[in-house]
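The following block contains the structure, expressed as structure tokens.
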Amino acid sequence: MSKNWNQKFTLANKFVLGWFQLFYEWRVKHINEKNFIIFTSVLIGVVAGFAAVILKNTVHWIQKLLKNNFDASFQNYGLLFYPLIGILLTVIYVQFFRNGKLGRGVGNILFAISKWGGRVEADKTYSHIVSSALTVGFGGSSGLEAPIVVTGSAIGSNVASLFKLKAKVRILMLACGAAAGIAAVFNTPIAGVLFAMEVLLFEFSVPYFIPLLIAAASAAVVSNLLVSEQLFVLVTKGYTVHEIPFYFLLGLFCGIISVYVTKVTLYVEGKLDKWQSVYVKAIAGGLILGLMIFFLPPLYGEGYDVIQNLMRERYMSILNNSLLYDYRTNAWIIFMFSGVILLVKILATSLTIGSGGNGGVFAPSLFIGAFAGFFFADFFRLTELKDLTMINFIVVGMAGVLSGVNHAPLTAIFLIAEITGGYSLFVPLMLVSAMSYFMSRYFVPFTVYTKKLSERGVLPSYDKDKNILSSLDIEPLIEKDFITITPMMTIEELKAIVEKSKRSIYPVLDEKERLIGILSFDAVKEVIFKPEICAKKKVYELMDVNFAVADIEDGMKEVADKFEIFNTYNLPVVDNENKYIGFLSRSTIFTRYRNALIKQSKQIENL
């Protein structure tokens, strides 16, 4: 039966691909490349917009179902177990349906851009919707924005591949999908575009801007048609000049919090990565997370409803479902409780993701930022040092932490301005976002997205040369026409090899084909024409054993550094068992780099 289904699927797949081939041939003849890019960006925006709406609505439906009978004045014991169930279901889905591989976070998309020319696996168009809906729907303390960005990016990448668009255009379409996802979630097309530019597109050209805008706008239209509610109420007030010094202090405070968030996230997830059993990790992490949410209910889920209550001045509501509910009229209890939430939220998020759940730190950054702004302003209010405009500091705090954690100040400024109607707060938003960004960047140069990539040497940068270099793969550049020799071979025996070889370097291998030395013609030219020496002298006596090698898993940046450090023109390549593979030539790499640079420039010009 399964064989028949496989045959049917293969035939259906060939039929669909055949139609796409016909469409591709027709499109090349009749539709201009630039016009087709616009059409594709609209398509990606619409599809990514639908995906974002489906994810958000699924999560809201699950949460509504689970919290239907909750009473604000009582501890609800479901909070103890819901997150565990969600994380376990996510792990089971990943293990049984995704072969244990999901590829969480925006870092995976950055890796795809850097190493795979923007190719993202097709299963990511839906796998992150399923897994993150299970995690966050059951109360996992993380955000949906990273899964939406991954889903949108996968949609953009696969649509571009289906239409046989060039690699540079595929990366642009990937970014269009990510921008569309953010735009649909928050109904903020400008913030979606800026996110794609700041976080994903390390190289930006003005022609890129139009497709990004069109994709984001298309997604926002879809979101508006299907979801009528506004994420946050538009209640911000204009700032006063007298509060500017306090915004400056809030920027510093948000910078400190951002550094704390990044370091805690990397530390907790790093510790959990070392656990071998995914199920033990899921159960332990889920139980600890459940206990945290039981005692600190605002940690449940994304937390946007909690932010909304803060913005509506319903400060007492943060004690709902908690043991401190009876003390909800005590302002100092609310203040201290908010401080605990501020510090513990990122622990809950790290546990959620690290123990096997799916989600991101985007929504937690907004949550922590809102509490940072509230905690900061409430301190001055309670101590009667200054009566600050609470709502403004809550809103601006969101931008501050988002900017510091994600290293995306423009996204933070425009996102908060769009979702809260806080355009009158542009000056405080810019001040706090900039201060937080610079402080965070000083102490933690990398974000939670880019830290692991930087350790692997595959991080994209704003340096076009580095990006092009890192996009080159080692394997196609390896030259394998070098004649190998053995260490016990005599120089007399080597003569015949030298006569027919076009190379002046000879890799010396042992019986297991491991590279143990390199013999250059310069090392033998003084003895090769002396018959009395040739018969006795052996290769191992003249070969060089102190040489640099490139590992097959090295990035091109590492290879380029080795060429520079060791001042050589050829590098032998070995695998992880030191078995010889071939040589890399500096001139070959330079030629390929030059061709890639020319090709990229032409692609940008043709957009």
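Please go through the range 484-510 and give me each residue that is without any contact (Cβ under 8 Å) to a residue 24 or more places away in the chain and within 22 Å of K536 (Cβ to Cβ), ordered by number.
Narrowing the range 484-510 to residues without any contact (Cβ under 8 Å) to a residue 24 or more places away in the chain: 493, 496-497, 499-504.
Across the range 484-510, the qualifying residues are E493, A496, I497, E499.
Go through the range 549-562 and report how many residues are without any contact (Cβ under 8 Å) to a residue 24 or more places away in the chain and within 24 Å of L519 (Cβ to Cβ). Please lay out each step first, then the result.
Just the residues of the range 549-562 that are without any contact (Cβ under 8 Å) to a residue 24 or more places away in the chain, to begin with: 553, 561-562.
Within this subset, residues satisfying the condition of being within 24 Å of L519 (Cβ to Cβ) are 562.
So the answer is 1.
Quick one: L519 ticks every box in (1) in contact with a Cys (Cβ under 6 Å, 6 or more places away or on another chain); (2) under 25 Å from L584 (Cα atoms) except a single one, so which number is it?
So L519 meets the others, but not (1).
Take I87 and tell me if it is surrounded by 24 or more Cβ atoms within 10 Å (Cβ to Cβ), closer than 19 Å to Y279 by Cβ, outside the structural domain of V306 (by TED's automatic domain parsing) and in contact with a Ser or Thr (Cβ under 7 Å, 6 or more places away or on another chain). Talk me through it step by step, then tell me what you get.
On the way: surrounded by 24 or more Cβ atoms within 10 Å (Cβ to Cβ): yes; closer than 19 Å to Y279 by Cβ: yes; outside the structural domain of V306 (by TED's automatic domain parsing): yes; in contact with a Ser or Thr (Cβ under 7 Å, 6 or more places away or on another chain): yes.
Yes: the conditions hold for I87.
Which residue out of F367, F374, F393, F380 is surrounded by fewer than 17 Cβ atoms within 10 Å (Cβ to Cβ), of a type outside the set (A, V, I, L, M) and at pLDDT 90 or above?
Details: F367 fails: surrounded by fewer than 17 Cβ atoms within 10 Å (Cβ to Cβ); F374 fails: surrounded by fewer than 17 Cβ atoms within 10 Å (Cβ to Cβ); F393 fails: surrounded by fewer than 17 Cβ atoms within 10 Å (Cβ to Cβ).
Residue meeting the stated conditions: F380.
How many of the residues in the range 276-327 are farther than 21 Å from D378 by Cα and in a helix (DSSP H, G or I)? Break it down stepwise before answering.
If we filter the range 276-327 for residues that are farther than 21 Å from D378 by Cα, which is where we start, we get 276-295, 300-302, 321, 323.
Checking which are in a helix (DSSP H, G or I) leaves us with 278-295.
So the count comes out to 18.
When you look at A180, is it buried (at least 24 other Cβ atoms within 10 Å of the Cβ), at pLDDT 90 or above and assigned to a helix (DSSP H, G or I), yes or no?
Working: buried (at least 24 other Cβ atoms within 10 Å of the Cβ): yes; at pLDDT 90 or above: yes; assigned to a helix (DSSP H, G or I): yes.
So A180 passes the test.
The values are calculated or read from the model by the stated rules, or taken from the named source; none is laboratory data. Note that the coordinates shown come from a computational prediction; the quantities given were computed from them, not determined experimentally. Counting neighbours? That spans all protein chains shown, and the Cβs are built from the backbone with ideal geometry, glycine included.
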